[in-house]
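Any read-out appearing in this document is the output of simple, stated calculations on the displayed coordinates, not a laboratory observation. Please read these numbers as outputs of a predicted model, since none were measured by experiment. Don't worry about glycine lacking a Cβ; one is built from the backbone with ideal geometry, like all the others, and counts go over all protein chains shown.
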Amino acid sequence: MSEMKHNYDREEDVLYISFGRSEHVVGVELGDHLLLRLDTGKGTARSPRAVGLTILFPAQLLALGHSPTFTLERLERLPADLRTAVLEVLSKPPVGELLSVRLTLSPEELRIPELVAA
């Protein structure tokens, strides 16, 4: 894999991070401000690998005290093979070194069954 490169478009407030090139790139929207570009390995029988990340409005987000975030919920909409490829790429370098992947439990989503008195 070639060296990581980045390019910031100040006018559009978009940060492009590149990890290499591929003829077979798929874009996956991880969040409102985060796009993963990856080679799934399908056409070459290789392991999935990250080709790049695109971060939209990073300066605006930082000025507001935010960072680009995403939830794994979006990945549920992907075909199983693409979801597996994305999860693999998120968990290893170089993407795993750039993104902090955390699991949180949302009280709104937590459904505890009601206890029934005996």
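For the reader, a short list of remarks on this structure follows.
- Virtual spin-label span in nm between Arg46 and Asn7, 7 Å along Cα→Cβ: 2.1
- Reciprocal of mean inverse Cα separation for the range 1-102 (Kirkwood radius, Å): 14.1
- The listed peptides 62-73, 9-20, ordered by packing as a protection proxy, come out as 9-20, 62-73 (highest mean of other Cβ atoms within 10 Å first).
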